[in-house]
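Enquirer: Below is the structure I would like to discuss, written out as structure tokens.
The values are calculated or read from the model by the stated rules, or taken from the named source; none is laboratory data. Quick caveat, the model's predicted, so the values are computed rather than measured. Neighbour counts are summed over all protein chains in view; Cβ atoms, including those assigned to glycine, are modelled from backbone coordinates with ideal geometry. Calculation scope for accessible area: heavy atoms of the full protein, side chains included, ligands and nucleic acids excluded. Shrake-Rupley method; radii C 1.70, N 1.55, O 1.52, S 1.80 Å.
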Amino acid sequence: MIILLTIKFSLKTTQNSKMKPSQLLLFLLLPFVIFSQKLQRNVFEYEKLKSDNFIVCDETTNKQLESALLKISENNSTSAVAISKKIFDTNNNCFGTFETYGFALFRNGQWFEGIQIIEDGIKKFGSVPELIKRKSEMSLEMAQLGTQQKNIDGNSVYNSGNSNYDEDQFKEENFKSALADLEYLIKMYNRVEEIYYAAKIQQLLNDYNKSNDTFKMLLNDPEYKNTALYNIGDNYIALKDLDKAEKEFNTLVSENPKEGEIYDKLAEIYELRNDKIKAEEFNAKSIFYKNVPEDTNFEYNKENFELLKFFGTNENKPDKKLKKLKEIIGQNNTQYTVDVCLMILKLHANHGNGVEEKAAATLKTIGKPGIEKVNKLFQTNVSTCTITNLADVMASVKDENSWILMKEYLPYIATMPMTLIPPNVPEKMILFNEERGIKEILTTVKPLLLQVQDNSNNPLGEMAGFGQYVYYMPLGKVNKDKLKKIASDLHYTDQEFYLLQEKIK
């Protein structure tokens with residue numbers, strides 16, 4: 001698999017920029033600001049600051065700091081700031097208090113205040129790798145989002161007024177700051193993740209040759225090899241060296257024949273060569289492999305591509321699609337039917353017209369012979385509606401591996417952004433096994449019940465946990481005595497059970 005984060009962006013903003021706040025290295029449109037000032041970031045000579053006596057926090061302090069980090073993970077940065085500031089004010093003799101307090105401020109939207117605390121820690125303790133890495137991550141996020149957006153508690157918050165900074169210069173300065181930090185860490189520790197991000201920043205700064213030199217350091221790493229090859233090829237396209245670019249992508253596609261992103265790049269190369277026929281062929285392969293589940297037995301050919309288009313476009317009415325699906329089911333080719341049904345669910349192009357419902361019902365009827373592929377699709381990046389459909393199949397078939405996957409997915413719903421409709425996984429877990437499902441839901445929501453009170457001073461508090469209602473809706477159908485018994489077994493306090501009941505109403 002190719003590690004994504006391979007999209008190439010220009011430092012110049014454009015009128016067609018599209019925002020995707022959950023991804024790294026994305027940019028926003030900023031209106032032109034007259035008389036904007038330049039951002040200047042501090043530059044540390046880490047070699048001169050180098051110290052062998054980094055003071056680590058004691059166990060008691062670390063446990064206190066963990067509570068602040070937990071609040072950050074729960075999208076409650078206001079509480080995280082309060083907790084970490086209290087620790088910092090009473091014990092700033094170890095670098096961990098600087099890192100956690102600075103990080104909490106940053107996640108709360110106080111970018112420069114958070115950076116300042118981290119830099120104060122570097123001045124006090126020297127070139128502590130944890131502080132330098134944290135600073136690089138902050139700088140990278142500032143470069144990603146620019147002057148008009150911040151990521152606060154998992155939500156994108158936009159600045160409606162003009163910034164004091166020039167947008168392009170602000171991004172470039174933060175990229176350069178992050179790169180300086182990463183280059184020091186690479187020199188001292190040679191860690192692959194830092195090498196990767198340094199190479200990406202060099203690419204975004206249009207230093208393609210240097211970026212390639214850095215990416216080549218990853219070619220012997222099994223996890224990053226394909227990503228490095230992809231970006232090296234992309235850099236060659238930017239350098240207009242199309243022969244070298246094609247060689248890199250041909251190497252990749254031979255080892256990863258179902259990766260749609262690679263076909264995109266081959267199509268781009270042939271478009272630059274004005275070879276329309278080859279470009280169209282690779283574009284078609286890209287569309288096919290991006291929309292067909294990887295673990296199906298579908299290979300790209302004219303017949304399969306036409307089938308994909310048949311179910312994936314609005315050219316055909318639902319009744320025509322249902323008739324076609326029934327014909328496929330009638331062939332009694334179980335694995336082929338499973339593959340078609342999973343393709344329909346992944347496409348998510350037939351929501352509410354009966355086709356997706358028929359595909360899910362068919363998978364439930366097939367049962368065990370299709371559940372392994374259902375489980376694999378559940379673990380991929382599909383729509384939340386598709387997750388609900390897959391969970392419905394899993395609840396019906398009752399495979400133990402399916403249960404493990406649903407249990408692992410359950411906590412993720414609590415941190416989903418408002419832009420997503422949360423999947424009904426909790427309800428499906430109760431259908432799978434009522435007692436086990438109730439227990440897992442109550443275990444997940446127990447630490448969430450007090451979040452509303454904790455968020456009372458948070459301007460984003462009302463948005464926190466937007467999708468958590470899917471935990472409580474199915475509990476409303478459960479016998480109250482049974483619910484109380486399981487809650488008691490999980491050591492719910494009277495207050496927690498009262499709050500639970502209020503949520504269920």
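Enquirer: Taking the stretch 157-193 only, how many residues are among the basic types (Lys, Arg), within 25 Å of the chain's Cα centre (by Cα) and exposed (fewer than 15 other Cβ atoms within 10 Å of the Cβ)? Full working, then the answer.
Expert: Going residue by residue through the stretch 157-193, those that are among the basic types (Lys, Arg) are 171, 176, 187, 191.
Of the ones still in play, those that are also within 25 Å of the chain's Cα centre (by Cα) are 171, 176, 191.
If we keep only those that are exposed (fewer than 15 other Cβ atoms within 10 Å of the Cβ) too, we end up with 191.
Qualifying residue count for the region: 1.
Enquirer: A further question on this structure: Filter the stretch 39-65 down to the residues that are touching a Ser or Thr at 6+ places or on another chain (Cβ under 9 Å) and under 30 Å from residue 414 (Cβ atoms) and list them by number.
Expert: Residues satisfying the conditions are 57, 61, 64, 65.
Enquirer: Looking only at the stretch 134-177, filter to residues that are small (Gly, Ala, Ser) and part of a helix (DSSP H, G or I); which one of those is farthest from residue 417 (Cα to Cα)?
Expert: If we filter the stretch 134-177 for residues that are small (Gly, Ala, Ser), which is where we start, we get 136, 139, 143, 146, 154, 156, 160-161, 163, 177.
Cutting the leftovers down to part of a helix (DSSP H, G or I) gives us 136, 139, 143, 177.
Values: 136: 25, 139: 23, 143: 22, 177: 29 Å.
That would be 177.
Enquirer: If a residue counts only when it is farther than 26 Å from residue 193 by Cβ and hydroxyl-bearing (Ser, Thr, Tyr), which helices (runs of 4 or more DSSP H) contained entirely in the stretch 60-132 have at least 1 such residues? Before you say what the answer is, go through the steps one by one.
Expert: Working: elements: 77-90, 95-107, 111-125.
Of the helices (runs of 4 or more DSSP H) lying wholly inside the stretch 60-132, those with at least 1 residues that are farther than 26 Å from residue 193 by Cβ and hydroxyl-bearing (Ser, Thr, Tyr) span 77-90.
Enquirer: Here is a further query. Across the stretch 117-134, what is the total count of residues that are surrounded by 18 or more Cβ atoms within 10 Å (Cβ to Cβ) and free of Cβ contacts under 8 Å to residues at least 40 places away in the same chain?
Expert: 5
Enquirer: Can you go through 235, 256, 291 and tell me which one is within 18 Å of residue 200 (Cα to Cα), of a type outside the set (Val, Ile, Thr), open to solvent by less than 70 Å² (accessible area, probe 1.4 Å) and out of contact with any strand residue (DSSP E or B) (no Cβ under 9 Å at 6 or more places or on another chain)? Break it down stepwise before answering.
Expert: Details: 256 fails: within 18 Å of residue 200 (Cα to Cα); 291 fails: within 18 Å of residue 200 (Cα to Cα).
On inspection, the qualifying residue turns out to be 235.
Enquirer: Any chance you could count how many residues in the stretch 372-421 are among the charged types (D, E, K, R), assigned to a loop (DSSP other than H, G, I, E, B) and open to solvent by 30 Å² or more (accessible area, probe 1.4 Å)?
Expert: Our first condition is that a residue be among the charged types (D, E, K, R); within the stretch 372-421, this holds for 372-373, 376, 392, 398-400, 407-408.
Filter once more, keeping what is assigned to a loop (DSSP other than H, G, I, E, B): 398-399.
Add one more test, that the residue is open to solvent by 30 Å² or more (accessible area, probe 1.4 Å), and what stays is 398.
Count: 1.
Enquirer: Okay, moving on. Those residues that are open to solvent by 20 Å² or more (accessible area, probe 1.4 Å) and farther than 15 Å from residue 153 by Cα, I need them from the stretch 96-116; list them, please. It would help to see each step written out before you state the result.
Expert: The initial filter retains those residues of the stretch 96-116 that are open to solvent by 20 Å² or more (accessible area, probe 1.4 Å), namely 99, 101, 103, 107-108, 110, 112-113, 116.
Listed by number, the residues that qualify are 99, 101, 112, 113, 116.
Enquirer: Conditions first: (1) at pLDDT below 95; (2) more than 18 Å from residue 72 (Cα to Cα). Residue 157 passes all but one, so which condition is the exception?
Expert: Checking residue 157 against (1) at pLDDT below 95; (2) more than 18 Å from residue 72 (Cα to Cα), the one that fails is (2).
Enquirer: Something else now. For the stretch 492-500, does any single residue satisfy the condition of being under 24 Å from residue 431 (Cβ atoms), outside any helix (DSSP H, G or I) and modelled with pLDDT under 95?
Expert: No, the stretch 492-500 has no match at all.
Enquirer: Another question about this same structure. Going by what's in this entry, would residue 427 be described as acidic (Asp, Glu), part of a helix (DSSP H, G or I) and touching a Gly at 6+ places or on another chain (Cβ under 9 Å)?
Expert: Details: acidic (Asp, Glu): yes; part of a helix (DSSP H, G or I): yes; touching a Gly at 6+ places or on another chain (Cβ under 9 Å): yes.
Yes: the conditions hold for residue 427.
Enquirer: Go through 280, 299 for me and flag whichever is more than 25 Å from the chain's Cα centre (by Cα), closer than 18 Å to residue 328 by Cβ and charged (D, E, K, R). Don't jump to the end; show me each part of the working.
Expert: Details: 280 fails: closer than 18 Å to residue 328 by Cβ.
One residue alone meets the criteria, 299.
Enquirer: Identify all residues within the stretch 482-502 that are closer than 10 Å to residue 449 by Cα and touching a residue at least 24 places away in the same chain (Cβ under 8 Å); write none if there are none.
Expert: Within the stretch 482-502, 496, 499, 500 meet the criteria.
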